[in-house]
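All remarks here apply to the structure that follows.
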Amino acid sequence: MNGKSDKIDRLLEKLQELQARQDNFSKEIGELRDEIVRLENIQVRDSAYGIDEITGEPPAPVFDPERFVSAVSDPPVVPVQNEVRETQISDYKASEPVEPAKIKSGLEKFIGENLINKIGIAITVLGVSIGAKYSIDHDLISPLARIILGYLVGIGLFGIALKLRKDYENYSAVLVSGAMAIMFFLTYAAYSFYALLPQVPAFILLVIFTSSAVYVAIDYNKQVIAHIGLVGAYAVPFLLDEGSGKVIILFTYIAIINLGILLIAFRKYWKPLYISSFILTWVIFLFWYDSAYQDRLHYTLALTFISIFFVIFQLIFLGYKLIQKEKFTLTDIILFLTNSFVFFGLGYSMLSVNSNGKSFLGLYTLINAAAHFSVGTLIYTYKSSDRNLYYFVIGLALVFITMAVPVQLNGNWVTLLWAGESALLFWIGRTKVVAFYEKLSYILMILAFASIIHDWTSIYENRHIINPGHRITSIWNTDFLSAILFVATFSYINFLNNSKLYMPARFQQEALNSIIKFTVPAILLIVLYNTFRIEIATYWDQLYSDSIIRVDLGGKRTVGTYWDSDLKSFKSLWVLNYSLLFFSVLTFVNIRKIRNSDLGWVNLFINALLLIIFLLQGLYIIGCLRDSLINQELSQYYQRSLFNIMFRYIVFTFAGLTMASIYFTIKQDFLKPVSDDLHIAFDCLLFISVIWVASNELITWMDVLNSSQSNKLGLSILWGVYALILIVLGIWKKKKHLRVGAIVLFAITLAKLFFYDIAYLDTIAKTIVFVALGVLLLIISFLYNKYKHVISEE
């Protein structure tokens, strides 16, 4: 007992110590909160008199007590402390300024300090323009004097702005922007209206004014100055293009402006400015490209400047974010993508219409990929906090590599490069846990799959028909080897996909996750199956093409053209044999190694479908071979041997293997639970196949023995005996569906007997068949009576 008491005392002492620490923490948090509340109230009061609404700068964040409370690491929760905290928060909320007063004060500040001065500077600039126009219309002063006076007004306005900056910075910034606008307008007038300035001096002055606008905008930290200067600067290309074809001056000037904005981008994140410059630059270039571009004159010049614009804007969009290590927003990504694809599209368009450039389309696409790899390296070097941006840019580079493949290459190379690229991206995404790469690899898998399908349709299906003289060595050809490499690549992807060491990337939509789950193995199996199937089909197609003969028929039709039709039949049957073997082997591999439930169900469906194809089509083709042997069609030109008959047993062997694979599949634990309906369906498929094959065999050998009446007699007796066997099995195995099936089969046999056989059989045959079927019916009735208790219990 003493030991337990000591332990309780120690725990109580520790509890008191923790309680004391908690009280100190609560006291410090309360003091810190009160100080923040006091400072925030002062800031809210001051901000009502000093917020600049036009600068585009975000206002200082308003203190949110709930967010603050959640951000601070709380001490252990005690009910008393919760009450204290709730009281402090409610006190703070009660001390906040009343919202209507804030709205009233903010609106008054905006009108009085911001809106009025902007209206004033706009009216001032408009007044100067109207006065200048009036003096021009009435010839009050000479053109030179007008320009000089205008510059003096702009300089004076600029000087006043600098004088007022110390005490009225916001007002001063508006005056500076107005002065810059006046300078741009007057330079335009001096160059365009009066020809007082040649092109080069006008260009130099505008560069100076643009640079000044950039400098002042950074110095004032006011985005509005840069915007007004930018609008004036981008108006210049329209006045500098005098139709002389000196577009190099136009684009050089635009590049200089963009370089100025790039300098801003390293210091300020003024997104509206970047978007404006981006749109204006490419719109001006596209307008010129559409209306004045000539391949012979402007090919090199245009490629040079779109490259310069592309690099500048990529740096503009990246500069500030990389330096400040900030995350990229959706708008940043959209701008980055748009710049990349505008550059690629324009360059591709120029190269495609140039006689020499067509051969460099693939290289140009690879240059785009290299450029984005360089950007990715830059991002990695600066160790940006947004690691997804690095993966995004590298992924974009891989997209351009993917695009370069079909641009420059064709045929199997496209398929192999896309397959290899998809494997690389999948490996990076899965092993390095980069979801973006893994998701991108799925797109490339689909592209690679579509490409190999295209290869099959354009190469395999046409090579022996369009060009009969061209022969392909089975197995040993580039198309087959390419397909094997494709299979190897997707086998590796499938290995990674099934590895429990790596977690797959997840999509938000569960349906999409389910589709992706089957994508890799489905593509692998489809390609593996078709790789050998096409080789088999091609081999027999080439034999069929080689079998052509021309026979002199005499008369008007002097020449007849024939092919060995048996070769077509052998082709179909060998493809069927291969299909039965392929999916049977796949079934047994799944049973022994993979043990995948989904694959098991797919195998069941495909194997059952193949057996139905065997019964409906395969046995019909086997019958065609039999008829060809019996009738000796074109036997003087083509060999007709007993192989036409014996080949059927090879097909039966593969069909039996498939039936066995179905039987063993439905007995596997990984396919549980298997319903009774599935067992009944298997029994139906099995026993229908047996009677169908047996009937075909009987007809075949009766035809070989030239016994036409025996066909009818033999089939009826066969079906009756088979019905009896089904009755016996149904009673023995207690399977009602077998007994019902036997009764149906016997009914069909009797209908055949009375409505078909009786009209074609002679007396002896009729006697045999009637007696045989009668005896069978008696036996069946006896069995039902003898084992009626078994059937009743069932």
Taking the condition of being open to solvent by 40 Å² or more (accessible area, probe 1.4 Å) and within 30 Å of D566 (Cβ to Cβ), how many residues in segment 657-674 meet it? 1
Kindly provide the set of residues from segment 377-392 that are within 23 Å of I443 (Cα to Cα) and either modelled with pLDDT of 80 or more or among the aromatic types (F, W, Y) (or both), ordered by number. Y390, Y391, F392
A careful count of residues in segment 272-307 that are assigned to a helix (DSSP H, G or I) and either on the phi > 0 side of the Ramachandran plot or of a type outside the set (V, I, T) (or both) gives 25
For F570, which of the numbered conditions (1) open to solvent by 40 Å² or more (accessible area, probe 1.4 Å); (2) over 25 Å from K667 (Cα atoms) fails to hold? (1)
Can you spot a residue in segment 158-170 that is at pLDDT 70 or above, touching a helix residue (DSSP H, G or I) at 6+ places or on another chain (Cβ under 6 Å), crowded, with 23+ Cβ neighbours inside 10 Å and part of a helix (DSSP H, G or I)? yes
When restricted to L580, L586, L599, L625, the only residue touching a residue at least 12 places away in the same chain (Cβ under 8 Å), farther than 30 Å from Y492 by Cβ and open to solvent by less than 50 Å² (accessible area, probe 1.4 Å) is L625
Members of segment 608-666 found to be among the basic types (K, R) and either modelled with pLDDT under 85 or not in a helix (DSSP H, G or I) (or both), listed by number: R640
Residue list for segment 720-736, filter: in a helix (DSSP H, G or I) and open to solvent by 50 Å² or more (accessible area, probe 1.4 Å): V721, I725, V728, W732, K736
All but one of (1) closer than 16 Å to L625 by Cα; (2) touching a Gly at 6+ places or on another chain (Cβ under 7 Å); (3) at pLDDT below 90 hold for L576; which doesn't? (3)
Could you give every pair whose Cβ atoms fall below 6 Å, whose first residue belongs to segment 743-765 and is at pLDDT 80 or above, and whose second residue is part of a loop (DSSP other than H, G, I, E, B) and loosely packed, with under 11 Cβ neighbours inside 10 Å, counting only separations of at least 6 or pairs across chains? none
Please pick out the residue among F285, F251, F278, F309 that is more than 34 Å from the chain's Cα centre (by Cα) and open to solvent by less than 50 Å² (accessible area, probe 1.4 Å). F251
Check whether at least one residue in segment 694-705 is in a helix (DSSP H, G or I) and closer than 15 Å to N607 by Cα, and report yes or no. no
Out of segment 308-352, which residues are touching a Leu at 6+ places or on another chain (Cβ under 7 Å) and outside any helix (DSSP H, G or I)? F328
Here's a check for you: in segment 675-702, which residue that is charged (D, E, K, R) and open to solvent by 50 Å² or more (accessible area, probe 1.4 Å) is modelled with the lowest pLDDT? D676
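The values are calculated or read from the model by the stated rules, or taken from the named source; none is laboratory data. Everything numeric in this text was worked out from a predicted model, so none of it was measured. Neighbour counts run over all protein chains shown; Cβ positions are idealised from the backbone, glycine included. Calculation scope for accessible area: heavy atoms of the full protein, side chains included, ligands and nucleic acids excluded. Shrake-Rupley method; radii C 1.70, N 1.55, O 1.52, S 1.80 Å.
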